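Colleague: Have a look at this one before I ask anything.
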Amino acid sequence: MPMSTGRRRPLRVVVTDRLGRAVPDQGLGRWLARIAPGRARGGLVVVLVSDAHMRQLNRRFAGHDRVTDVLTFRAPGPADRLGDVVIATGVAARQARRAGHTLRTELRVLALHGLLHALGHDHHTDRGAMARLERRLRRRGGLREGLIERARAS
């Protein structure tokens, strides 16, 4: 039996609905794990929810009575779990149409953004560090634009 090296496992991504049931993800979990930065280790759950459910989460946890495209809940402590990335599918579909790409692509844009928040990045306070990392990773993953760039352009 091999000895444990004490290293944490690579990123493992599971895509679920709001009840925790696995959903078809069109390769989203594998894609995100493949392009994630090397320090992204442990488990991440991407939860696909309705706009109404996202609004409830925003009200409860962020104090905003509105729907947003993505929310990230970081797991506490140094456990082998990064947290949850919650994506509103209705918002994602509308944003995909406006951006001229598929829902699959938009889910990748949002999941990547959420992963970076789960890793502790904050584009509001980091002087562009998260935007630079998002740009590098989205290029690695074949995405034209990232969420931060799109928000700056509008």
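The values are calculated or read from the model by the stated rules, or taken from the named source; none is laboratory data. As the structure is a computational prediction, the values presented were derived from the model and not from experiment. Ideal geometry is used to build each Cβ from the backbone, glycine not excepted, and the neighbour counts take in all protein chains shown.
Colleague: How many of the residues in the stretch 116-137 are within 21 Å of Val91 (Cα to Cα) and out of contact with any helix residue (DSSP H, G or I) (no Cβ under 6 Å at 6 or more places or on another chain)?
Modeller: 2
Colleague: Restricting to the stretch 68-85, what's the tally of residues that are surrounded by fewer than 18 Cβ atoms within 10 Å (Cβ to Cβ) and either part of a loop (DSSP other than H, G, I, E, B) or touching a Pro at 6+ places or on another chain (Cβ under 8 Å) (or both)? Before you say what the answer is, go through the steps one by one.
Modeller: Residues of the stretch 68-85 that are surrounded by fewer than 18 Cβ atoms within 10 Å (Cβ to Cβ), as a first pass: 68, 73-81.
Next, from what is left, pick out any that are either part of a loop (DSSP other than H, G, I, E, B) or touching a Pro at 6+ places or on another chain (Cβ under 8 Å) (or both): 68, 75-80.
Residues that pass the stated criteria total 7.
Colleague: Within the stretch 54-64, does at least one residue satisfy the condition of being more than 14 Å from the chain's Cα centre (by Cα), closer than 23 Å to Leu11 by Cα, of a type in the set (A, V, I, L, M) and surrounded by 13 or more Cβ atoms within 10 Å (Cβ to Cβ)?
Modeller: No: zero hits.
Colleague: I'm checking my understanding of the structure. Among residues of the stretch 115-150 that are of a type in the set (Gly, Ala, Ser) and outside any helix (DSSP H, G or I), which one is nearest to Ala36 (Cα to Cα)?
Modeller: My answer is Gly141.
Colleague: Those residues that are touching a strand residue (DSSP E or B) at 6+ places or on another chain (Cβ under 7 Å), without any contact (Cβ under 8 Å) to a residue 60 or more places away in the chain and over 18 Å from Thr102 (Cβ atoms), I need them from the stretch 24-49; list them, please.
Modeller: Ala33, Arg41, Gly42, Gly43, Val45, Val47, Val49
Colleague: Any residue at all in the stretch 14-23 that's touching a residue at least 60 places away in the same chain (Cβ under 8 Å), touching a Leu at 6+ places or on another chain (Cβ under 8 Å), β-branched (Val, Ile, Thr) and within 18 Å of His113 (Cβ to Cβ)?
Modeller: Within the stretch 14-23, none of the residues are touching a residue at least 60 places away in the same chain (Cβ under 8 Å), touching a Leu at 6+ places or on another chain (Cβ under 8 Å), β-branched (Val, Ile, Thr) and within 18 Å of His113 (Cβ to Cβ).
Colleague: What is the residue count in the stretch 106-139 for residues that are without any contact (Cβ under 8 Å) to a residue 40 or more places away in the chain, under 20 Å from Arg30 (Cα atoms) and surrounded by fewer than 20 Cβ atoms within 10 Å (Cβ to Cβ)?
Modeller: 3
For (1) over 26 Å from Arg144 (Cα atoms); (2) at pLDDT 95 or above; (3) assigned to a strand (DSSP E or B), each residue gets a yes or a no:
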position	(1), (2), (3)
Met3	yes, no, no
Val13	no, yes, yes
Pro24	no, no, no
His53	yes, yes, no
Ile87	no, yes, yes
Ala93	no, yes, no
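Colleague: Among what's in the stretch 26-40 and is touching a Leu at 6+ places or on another chain (Cβ under 6 Å) and closer than 16 Å to Gly120 by Cβ, pick the residue that is modelled with the highest pLDDT.
Modeller: Ala36
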